[in-house]
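Shown next, in structure tokens, is the structure this report addresses.
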Amino acid sequence: MTADIIPHTSTEAHQPCWQEELAAAIRTPADLLERLELNPAQLDASPVAQQAWSLRVPLPYVQRMNKGDIDDPLLKQVLPLGAEMLAAPGFSRDPLGEEDANPVPGVVHKYQGRALLIISPACAIHCRYCFRRHFPYEDNTLGRKEWQMALDYLASDKSISEVIYSGGDPLAANDNFLLWITQQIATIPHIKRLRIHTRLPLVIPSRIDPSCLHWMTATRLKVVMVWHINHPNEIDQAVSQAAQRLKRHGIELLNQTVLLKQVNDSVYTLAELSEKLFDVGIMPYYIHRLDKVSGAAHFEVSDNKIQQLQQALLNALPGYLVPRFVCEQAGALSKLPLPLSTEATAR
Ligand code: SF4
């Protein structure tokens, strides 16, 4: 059993299925900029950065970008720039030390009680700030024997009560595989919860189809989905409908956001994001300080500004809509809370 993306069979003549939308994703800056009616000379799109890690962005996500806007916050998240090729102090290929927390292929085990499975090396979208952009996926792409080793590892550690599906994007794997692996995990008595970290339902909402809902609900495990939404413009009606489908099937929905310079580093944007998330049934959960991965330094927001944003967001929203501001540190036993400022000036 492998997590390869399967060929599709569409049942709706006029509505592309998620596999078709994935296959049709835009893969070159030239194509993307042409669709957005932008002049490449206005942007620092870099062939070298594109070669190092290619652009990939599905059309349903592109359709939420503003045509003719070189500062579009969704465009900034996916366009390969020359700035990615500049070395920056403190930025590295493996900022969270995950390669040291990889006890068997396919498993990352950093925190007590939770273990993460690299379900799929593929993503539907390539986010330029991704902390796993240099992860050695080739060593973590498993066949049946290796998956059994991963399952044996989970079964051998009775302290693990929660399994996290990650990647890449776990929902890039096919549903037959996801059904199989979920059934295997459910046979391990000490595992109670399944957490799915994904960006696919955001960028291709049709991913939440009956086949996907089947394996998520045909299990004794309590299923939690953690979305990754960074900007209110990312949420449209199709995203809202995908969230509703999941809610109707009893899936808990949370969101984590990465704080990104010139994308979402304003209190207005973050407050609107929390409001919109709540409107579509997703609870704001975490705001992450950027992980210092090579190639992403131009997205970094200063610690001082993060403190101010946190305080300003507390002032602007009811407490239940304010996500926790956290960072990850290699070797730490949990995510770490970020300190608050007493000044509310980050507007
Ligand atoms: S793992 Fe998540 S953040 Fe990283 S590229 Fe894939 S979808 Fe984007």
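The values are calculated or read from the model by the stated rules, or taken from the named source; none is laboratory data. Remember, it's a predicted structure, so these values are computed and weren't measured experimentally. Note that we place each Cβ from the backbone using ideal geometry, even for glycine, and neighbour counts take in every protein chain shown.
Keeping to segment 322-342, report how many residues are within 30 Å of Val108 (Cα to Cα) and either more than 20 Å from the chain's Cα centre (by Cα) or at pLDDT below 95 (or both). Qualifying residue count for the region: 13. Of all residues in segment 164-195, which are within 16 Å of the ligand (Cβ to nearest atom) and within 22 Å of Arg144 (Cβ to Cβ)? Ile164, Tyr165, Ser166, Gly167, Gly168, Asp169, Pro170, Leu171, Ala172, Ala173 - these are the residues of segment 164-195 that are within 16 Å of the ligand (Cβ to nearest atom) and within 22 Å of Arg144 (Cβ to Cβ).
The single residue among Gln50, Gln77 that is within 14 Å of the ligand (Cβ to nearest atom) and either closer than 28 Å to Ser302 by Cβ or in a helix (DSSP H, G or I) (or both) turns out to be Gln77.
Out of segment 113-142, which residues are part of a loop (DSSP other than H, G, I, E, B) and more than 30 Å from Ser302 (Cα to Cα)? Full working, then the answer.
Going through segment 113-142, the residues part of a loop (DSSP other than H, G, I, E, B) turn out to be 113, 121-136, 141-142.
If the condition is that a residue be part of a loop (DSSP other than H, G, I, E, B) and more than 30 Å from Ser302 (Cα to Cα), then Gly113, Pro121, Ala122, Thr141, Leu142 are the ones that fit.
Against the numbered list (1) in contact with a helix residue (DSSP H, G or I) (Cβ under 6 Å, 6 or more places away or on another chain); (2) part of a helix (DSSP H, G or I); (3) not hydroxyl-bearing (Ser, Thr, Tyr), Leu154 comes up short only at (1). Being buried (at least 18 other Cβ atoms within 10 Å of the Cβ) and in contact with a Phe, Trp or Tyr (Cβ under 8 Å, 6 or more places away or on another chain) is the filter; apply it to segment 209-242 and report the residue that is farthest from Trp18 (Cα to Cα). For segment 209-242, the residue satisfying everything is Val226.
Quick grid of which residues meet (1) within 16 Å of the ligand (Cβ to nearest atom); (2) at pLDDT below 90; (3) out of contact with any Lys or Arg (no Cβ under 6 Å at 6 or more places or on another chain):
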position	(1), (2), (3)
Ala83	no, no, yes
Ala88	no, no, yes
Pro95	yes, yes, no
Glu98	yes, yes, yes
Val107	no, no, yes
His126	yes, no, no
Asn140	yes, yes, yes
Leu154	no, no, yes
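Residues in segment 300-310: is at least one over 24 Å from Leu74 (Cβ atoms) and surrounded by fewer than 18 Cβ atoms within 10 Å (Cβ to Cβ)? Within segment 300-310, one or more residues are over 24 Å from Leu74 (Cβ atoms) and surrounded by fewer than 18 Cβ atoms within 10 Å (Cβ to Cβ). Of the strands (runs of 3 or more DSSP E) that lie entirely inside segment 211-288, those containing 2 or more residues that are within 16 Å of the ligand (Cβ to nearest atom) and among the polar types (S, T, N, Q) span 252-258.
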